[in-house]
Amino acid sequence: MTDQTKDLTDHSSAVPAPIQKLGRGHEEPSDMDDYEIPRAKLIQFTSDEAQSADKTERLDPGMLVNSISKESLGMIFIPIFKFTNFIQWNPRKKDDPNFDPAFEPGKMVFQTNDRHDPRVIEGIKFGANSEPPKITKYINYLCYFIGHKVPLVLSFAKPSFNAGKRLNTLTQMSGGDMFHQKYKLTIKLTETDGGKYFVFQVGP
């Protein structure tokens with residue numbers, strides 16, 4: 001066994017510190033809707049963080065950060081479990097034929113975990129003239145990023161969807177519990193239709 005292989009299988013140093021018990025002031029219970037889900041966010045050129053008017057808060061495109069704290073994340077992570085959901089986003093351009101004036105541009109129209117929802121079954125298809133689907137499918141993993149004790153949701157969709165499929169395949173091939181293996185993210189700059197953006201790639 002090489003040192004590199006041993007590092008991938010020995011998780012004694014990767015176990016995150018337990019979350020501290022809440023202190024006074026937190027006596028009232030909270031519903032799930034009262035929380036913002038912390039996510040591993042890949043900063044794009046169009047992200048709000050990359051275009052912030054405050055230079056001290058501006059983040060570079062291509063960074064991977066905690067969506068709430070904006071703390072930079074490492075590339076090594078341990079997936080805990082997988083879940084899939086489907087979201088319809090309102091187009092950003094009002095002249096888009098799918099634009100819904102009842103919602104702000106770029107805002108969520110609806111989301112569901114039900115793959116049998118009639119809106120999903122119809123909306124996940126390409127249009128008759130190859131129009132992109134109205135519904136976006138997300139492969140999500142609750143993950144621990146090495147060095148960060150708070151678990152984050154890592155999502156794969158659209159250009160990064162293939163990386164989510166790769167991770168799903170790797171976790172199935174490894175056997176045993178999903179959280180017994182580490183995986184590594186890499187970030188690649190790509191260009192399509194004149195636009196540049198970053199995508200995920202995943203490996204063991």
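The values are calculated or read from the model by the stated rules, or taken from the named source; none is laboratory data. In this text, all values refer to a predicted model and were calculated from it rather than measured experimentally. Reconstructed Cβ throughout: ideal geometry from the backbone, glycine too, with neighbour counts over all protein chains shown. Surface accessibility is based on the protein's heavy atoms, side chains included, excluding ligands, DNA and RNA. Shrake-Rupley method; radii C 1.70, N 1.55, O 1.52, S 1.80 Å.
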Mind putting a number on the dipole of the chain about its Cα centre? Charges go on the C-beta only, +1 for Lys and Arg and -1 for Asp and Glu, and I need it in Debye to the nearest 20. 580
Relative contact order of the stretch 54-157, pairs being alpha-carbon contacts under 8 Å that are 6 or more residues apart, as %: 29
With R₀ set to 30 angstrom, the calculated FRET efficiency between the beta-carbons of ASP117 and GLU57, to the nearest 0.05, is 0.20
Once fully extended, how much extra length lies between TYR35 and ASP177, figured as 0.36 nm per residue of separation less the alpha-carbon to alpha-carbon distance? 48.3 nm
Among ILE146, PHE86, PRO97, which residue has its Cα furthest toward the positive end of the charge dipole of the chain, with +1 on Lys/Arg Cβ and -1 on Asp/Glu Cβ? ILE146
Place a +1 charge on the Cβ of each Lys and Arg in the stretch 78-119 and a -1 charge on the Cβ of each Asp and Glu, then give the dipole magnitude about the Cα centre in debye, rounded to the nearest 20. 140
In the stretch 106-164, lysine pairs with alpha-carbon atoms under 17 angstrom apart (chain gap of 8 or more, or interchain): 8
Given the rule -39500 (n - 2.57) for each run of at least 4 DSSP H residues, summed and divided by the residues of the chain, what is its mean residue ellipticity at 222 nm, to the nearest 500 deg cm²/dmol? -3500 deg cm²/dmol
Give me the one-decimal nm value for the distance between modelled label points at THR46 and ILE187, 7 Å along each residue's Cα-to-Cβ direction. 1.8
Heavy-atom accessible area of ILE78 with all protein chains present, probe 1.4 Å, nearest 10 Å²? 20
Which one is right for this structure if percent of Cα pairs over 23 Å apart is calculated from it: (i) 48; (ii) 42; (iii) 55? (iii)
With the radius of gyration and the Kirkwood radius both derived from the Cα set of the stretch 127-195, what is their ratio Rg to Rh? 1.05
Can you order the peptides 161-168, 41-48 by their average number of other Cβ atoms within 10 Å per residue, highest first? 161-168, 41-48
Expressed as a whole percentage, what fraction of the accessible surface of the stretch 157-204 belongs to carbon and sulfur atoms when a 1.4 Å probe is rolled over the protein heavy atoms? 48
